[in-house]
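Asker: Please find one structure pasted underneath; my questions will follow.
The values are calculated or read from the model by the stated rules, or taken from the named source; none is laboratory data. Model, not experiment: these values are computed from the prediction. Don't worry about glycine lacking a Cβ; one is built from the backbone with ideal geometry, like all the others, and counts go over all protein chains shown. All accessible areas refer to the heavy atoms of the entire protein, side chains included, with ligands and DNA or RNA removed. Shrake-Rupley method; radii C 1.70, N 1.55, O 1.52, S 1.80 Å.
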Amino acid sequence: MRFTICAAKPEDCKDIARMIMELAVYEKMPDQVKISHKELERDGFGPNPFYQCLVAEVPEEHKSKDGHTKVGYALFFYTYSTWKGRTVYMEDLYVMPEYRGKGMGKALIATVAKVAKEQHCVRLQFSVLDWNKPSLDFYLSKGAEDLTAKEGWHFLRFHGIALDNLAQEAP
Amino acid sequence: MDIITKTLFVMELAEYEKVSDQVKIAQRDLEQDGFSKNPFFHGIIAEVPEHLKSKEDSCMYFFTGHTKVGYSLYFYTYSSWKGRAVYMEDLYVMPEFRGKGIGKALMSKVSQLGLAAGCTQLNFTVLDWNKSSLDFYLKQGCWDVTSDLGYHCMRCEGDALEHLAQGGL
């Protein structure tokens, strides 16, 4: 099946928001999605965007049963390692179930890696849920390392009231 | 920010995390990447008055006479579920200045700056054997996303990143 991978435009945000929710359903946490296409438009397309996004699109004749031609996306942003320098973090990689197995996921992550190399980034980082075996297998087959398993790194987070309380103590 | 001090802090933190051979960037990289028009990171420094400057030598590096005694390096990220977020890459206080609230003050300042920028999360990572840091953070009210939800940190670099990029459209 032919498909294209292009940088997202502001008008893609409704499709991206739709697919973000589909991915959250797959990760069993749909109630955690709190932003809409409006925040995506505001935060992704100003002079200092918070993220970059690629969209996978199929021709009209291959549109989904609900009529969508934008069928996958990868959302990423630039980060920094004080040991190695510029890095990229891939926040989301998603292809609609009926379009899997056609190389779109691989093309999306490969394009993120290509953009990362062009920007002189030395690492591509992301996270995967430990029960998500198909995704883990896919990434490990591409040469990714599981740093939690290998080195013991854990993600920690402050949010909500704990974040407010912490900020109030700033000098 | 004092880049020479910052570079030496990065080395001290790497020593603590037992991975100093992994540090590959230099002072010039920090200058270029932190102080251009679209910086890759932001930093804050903790400084003490002259009469409290450092006295102890630190393993391979001689750190007497310093007033800049801690730092935090952070950058803005994005959650596709919650929007703007801030990631704290490093938090470090020289050993002789610990236990005085400096680490907490640095982290609080990053939170304050993050909230002011419209962020709803402060994220970072900790090594699972680093019990003193884990206890410090959990006591401040954060939660362990890896333990609670099962998220694993993944990375592609070197040859794996090259091969991956060659498949890009």
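Asker: Can you spot a residue in the range B:124-138 that is more than 22 Å from A:THR148 (Cα to Cα), within 7 Å of chain A (Cβ to nearest Cβ) and modelled with pLDDT of 90 or more?
Answerer: Looking through the range B:124-138, none of the residues is more than 22 Å from A:THR148 (Cα to Cα), within 7 Å of chain A (Cβ to nearest Cβ) and modelled with pLDDT of 90 or more.
Asker: Considering only residues that are modelled with pLDDT under 95 and closer than 20 Å to A:ALA113 by Cα, which ones fall in the range A:45-76?
Answerer: A:PRO49, A:PHE50
Asker: Moving on to the next point. From the list A:LYS84, A:LYS106, A:LYS63, A:LYS117, which one is over 25 Å from B:ALA85 (Cα atoms) and within 7 Å of another protein chain (Cβ to nearest Cβ)?
Answerer: The unique qualifying residue is A:LYS106.
Asker: For the structure I just gave you, tell me whether A:ASP164 is part of a helix (DSSP H, G or I), over 29 Å from A:MET96 (Cα atoms), open to solvent by 20 Å² or more (accessible area, probe 1.4 Å) and of a type outside the set (Gly, Ala, Ser).
Answerer: yes
Asker: Follow-up question, since we're still on this one. For a quick check of your reading: which strands (runs of 3 or more DSSP E) sit entirely within the range B:59-169 and have at least 2 residues that are β-branched (Val, Ile, Thr) and on the phi < 0 side of the Ramachandran plot?
Answerer: In the range B:59-169, the matching strands (runs of 3 or more DSSP E) lie at B:68-79, B:83-93, B:121-127.
Asker: Looking at (1) within 12 Å of chain B (Cβ to nearest Cβ); (2) under 16 Å from the mean Cα position of the chain (by Cα), find the lone condition where A:ARG2 falls short.
Answerer: Going through the list (1) within 12 Å of chain B (Cβ to nearest Cβ); (2) under 16 Å from the mean Cα position of the chain (by Cα), A:ARG2 breaks only (2).
Asker: Take the residues in the range A:141-150 that are modelled with pLDDT of 90 or more and surrounded by 15 or more Cβ atoms within 10 Å (Cβ to Cβ), then tell me which one is nearest to A:ILE109 (Cα to Cα).
Answerer: In this case the residue turns out to be A:ALA144.
Asker: Could you please find all residues in the range A:90-102 being farther than 16 Å from A:SER135 by Cβ and at the interface with chain B (Cβ under 9 Å from one of its Cβ atoms)?
Answerer: Within the range A:90-102, no residue meets the criteria.
Asker: Right, something else. Going by the conditions given, is A:GLU118 among the acidic types (Asp, Glu), open to solvent by 60 Å² or more (accessible area, probe 1.4 Å) and without any contact (Cβ under 8 Å) to a residue 24 or more places away in the chain?
Answerer: So A:GLU118 fits the description; yes.
Asker: Could I ask something else about it? Output the residues belonging to the range A:40-77 that are closer than 19 Å to B:THR77 by Cβ and open to solvent by 60 Å² or more (accessible area, probe 1.4 Å).
Answerer: Those that are closer than 19 Å to B:THR77 by Cβ and open to solvent by 60 Å² or more (accessible area, probe 1.4 Å): A:GLU41, A:ARG42, A:PHE45, A:PRO47, A:ASN48, A:GLN52.
Asker: Can you tell me which of B:GLY70, B:GLY158 is buried (at least 20 other Cβ atoms within 10 Å of the Cβ) and more than 7 Å from chain A (Cβ to nearest Cβ)?
Answerer: Result of the check over B:GLY70, B:GLY158: B:GLY70.
Asker: OK, next. Exactly one condition in (1) under 17 Å from the mean Cα position of the chain (by Cα); (2) surrounded by fewer than 22 Cβ atoms within 10 Å (Cβ to Cβ) is false for A:ILE109; which is it?
Answerer: Condition (2) is where A:ILE109 drops out.
Asker: Also, I was wondering about something else. Pick from A:ARG86, A:ARG123: which is open to solvent by 40 Å² or more (accessible area, probe 1.4 Å) and at pLDDT 90 or above?
Answerer: A:ARG86
Asker: Just checking, how many residues over the range B:94-105 are at the interface with chain A (Cβ under 9 Å from one of its Cβ atoms) and either aliphatic (A, V, I, L, M) or farther than 29 Å from B:SER54 by Cβ (or both)?
Answerer: 1
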